[in-house]
Structures are given as C-alpha cells and as structure tokens.
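So the structure is just underneath, and the comments pick up after that.
The values are calculated or read from the model by the stated rules, or taken from the named source; none is laboratory data. Being a predicted model, the structure only gives us computed values, none of them experimental. FYI the Cβ positions are ideal-geometry reconstructions off the backbone, even for glycines, and counts take in every protein chain you see. The area values use the complete protein model at the heavy-atom level, side chains included, leaving out ligands, DNA and RNA. Shrake-Rupley method; radii C 1.70, N 1.55, O 1.52, S 1.80 Å.
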Amino acid sequence: PAVATIQKLSGTATVVRQGQAIPATMGLEIWENDTLRTGHNGSIGIVFNDDTFLSLGPGSILVIDEFVFAPKQGKFSIVITMLKGTAAYLSGLISKLSPDSAHFKTPTASIGIRGTKFVAKVEGE
C-alpha cells in the first residue's frame, strides 16, 4: 500500500521499487522500501499519509525503510535512510503523536526526530 505521494517535482527523479526504476511523476504513490533518487537538476517533494513533508534536492538518494500510521491500533513508525544529497523534513502526525517513533538515518548518524522541521545534507563519495 502507498505510504506517500509525490506532490512536487522538477528536473529528473526516479523511484526504485523492487529493483525497477520508475520515472517520478506528480501523484505517483510511494511505497515502503522505495528508493527515491534525484538527478543533478532534480528535486522531489512527497507527502506521507500522516502529513509529513519530505523534500529532496539535486543528486539525492533516500530510502523509505518503514512507515506505519495506524492511530486506531496505536502503531506509529517512520524510518528514513538518507544516503546522499540534501533533504528538508517537516514532521506530521507521527512525530506529534509518538515522538520516539520517527527516525532519520545517515551513513554516519541517526536522528531521533522530536522537533517539527530540519534540513540534512549527506556528502556522497
């Protein structure tokens, strides 16, 4: 099932799902375990089902490791791994309802998200 949708897009971007590269388009559904990649001129903005907003700048690679938003069951989790590039994050309901359930990982650090917004930059090799 979809965990987010693409709401903003410019330049080139792809979604890699189960080894298949899908050209990013407005309204495309994003699934758990998808990898988002932007080209040297690309940017992409997605909105998760809990209203979390995530924007990637040019030359970025990011993986949606986990997304669970089930308020009736009291289950919440958002885990994102940023491999390269820049990202801006604006937290949604998961961070508000269950602050310990939001995590943003990089190759050298992991961030527990307790605030409402931040920007991260990961240098590639």
Flagged in segment 26-41 as of a type in the set (S, T, N, Q) and open to solvent by 70 Å² or more (accessible area, probe 1.4 Å), in numbering order, are N33, N41
Query raised in the report: Taking the condition of a type outside the set (A, V, I, L, M), within 18 Å of Y89 (Cα to Cα) and surrounded by fewer than 16 Cβ atoms within 10 Å (Cβ to Cβ), does Q20 pass?
Result: no
Of (1) without any contact (Cβ under 8 Å) to a residue 60 or more places away in the chain; (2) over 19 Å from A2 (Cβ atoms), V47 fails just (2)
Checked S10, S55, S77 against criteria (in contact with an Asp or Glu (Cβ under 7 Å, 6 or more places away or on another chain) and within 22 Å of V122 (Cβ to Cβ)); the one match is S77
Checked K72, K96, K84 against criteria (assigned to a strand (DSSP E or B) and open to solvent by 20 Å² or more (accessible area, probe 1.4 Å)); the one match is K84
Within segment 54-68, the residues that are in contact (Cβ under 8 Å) with a residue 40 or more places away in the chain and either open to solvent by 50 Å² or more (accessible area, probe 1.4 Å) or under 20 Å from P99 (Cα atoms) (or both) are L54, P58, I64, D65, F67
Of the residues in segment 1-10, those that are open to solvent by less than 50 Å² (accessible area, probe 1.4 Å) and either of a type outside the set (V, I, T) or free of Cβ contacts under 8 Å to residues at least 40 places away in the same chain (or both) number 2
